[in-house]
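The values are calculated or read from the model by the stated rules, or taken from the named source; none is laboratory data. Given the structure is predicted, the values throughout are model-derived calculations rather than measurements. Backbone-built Cβ (ideal geometry, glycine too); neighbour counts: all protein chains shown. We work out accessible area using only protein heavy atoms, side chains counted, and drop any ligands, DNA or RNA first. Shrake-Rupley method; radii C 1.70, N 1.55, O 1.52, S 1.80 Å.
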Amino acid sequence: PGPCHRPEAPTLVAVAHGSRDPAARRTVTALLDVVRAQRPGLRVRLGHLELDEPLLGDTLAALPPGEVVLVPLLFGRGYHTRHDIPAVARAARGHHCQLAAPLGPDPLLAEALADRLAAAGARDPDGVVLAAAGSRDPRSAADAEATARLLSARLGGVPVLPGYAGAAEPGIPGALDRLAALGCRRPAVASYFTAPGH
């Protein structure tokens, strides 16, 4: 018999939200370059949900038929992970798409957030606002709250409260007010976004 035929590895498609800010694309592209360096030979592509190209549907349409793993570059469950990405995957012809879980909550993200706070000079905050995108989906808030607990534990019990940029309450100023009501006088804000943007 001939040599064993190994099945071809699926294509990894990173699904970014998208932004009009060019720094967002540079950040996501740099992340994918790291993935490619760590997994030589793996096909890695980028698709955006909105506001930037290529859109996810166009990325899938440009791929040869086969297995695809969609990896949301999002930090929690929400409308995009539950509705938008699956809808695009269902519409993709000739692909068997598997949807990975979002990146968070995860202790590694809490570690990265703590490192970023320290690098920004917030070495001894007495409270932190976890500044997240926000979603009307309650699972998104539950995931942000889980990350806030992980970050609090990583910071030795410092109170960490989620604050949202939109679509959920409290907003970031409201979360800062809540920390002030708890007696926090040296708060910090931890940006919980994959890339720069509006």
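Only one of Ala87, Ala92 is open to solvent by 40 Å² or more (accessible area, probe 1.4 Å) and among the aliphatic types (A, V, I, L, M); which?
Ala87
Given the conditions (1) on the phi < 0 side of the Ramachandran plot; (2) surrounded by 15 or more Cβ atoms within 10 Å (Cβ to Cβ), which single one is not true for Gly134? It fails just one condition, (1). Only a single criterion out of (1) in contact with a His (Cβ under 7 Å, 6 or more places away or on another chain); (2) in a loop (DSSP other than H, G, I, E, B) is not satisfied by Glu67, namely (2). The residues on offer are Gly163, Gly134, Gly157, and the sole one that is free of Cβ contacts under 8 Å to residues at least 24 places away in the same chain and not in a helix (DSSP H, G or I) is Gly157. Residue count for the range 72-82 under the criterion of being open to solvent by less than 30 Å² (accessible area, probe 1.4 Å), of a type outside the set (Ser, Thr, Tyr) and not in a loop (DSSP other than H, G, I, E, B): the result is 1.
Against the numbered list (1) in contact (Cβ under 8 Å) with a residue 12 or more places away in the chain; (2) open to solvent by 60 Å² or more (accessible area, probe 1.4 Å); (3) over 28 Å from Val44 (Cβ atoms); (4) part of a loop (DSSP other than H, G, I, E, B), Leu103 comes up short only at (3). Which of the residues belonging to the range 179-193 are part of a loop (DSSP other than H, G, I, E, B) and open to solvent by 50 Å² or more (accessible area, probe 1.4 Å)? Within the range 179-193, Leu182, Arg185, Arg186, Phe193 qualify. For the range 41-50, the criterion of a residue being loosely packed, with under 11 Cβ neighbours inside 10 Å and modelled with pLDDT under 95 is satisfied by at least one position. The listed residues are Ala112, Ala141, and the only one of them that is surrounded by fewer than 17 Cβ atoms within 10 Å (Cβ to Cβ) and either acidic (Asp, Glu) or not in a strand (DSSP E or B) (or both) turns out to be Ala112. With respect to Ala181, determine if the residue is within 15 Å of Arg77 (Cα to Cα), modelled with pLDDT of 95 or more and aliphatic (A, V, I, L, M). Here the answer is no, as Ala181 does not meet what is asked. The set of residues in the range 7-33 being out of contact with any Leu (no Cβ under 7 Å at 6 or more places or on another chain) and within 17 Å of Val69 (Cβ to Cβ) consists of Pro7, Glu8, Pro10, Leu31. Restricting attention to the range 5-30, the residues that are surrounded by fewer than 20 Cβ atoms within 10 Å (Cβ to Cβ), of a type in the set (A, V, I, L, M) and touching a residue at least 60 places away in the same chain (Cβ under 8 Å) total 1.
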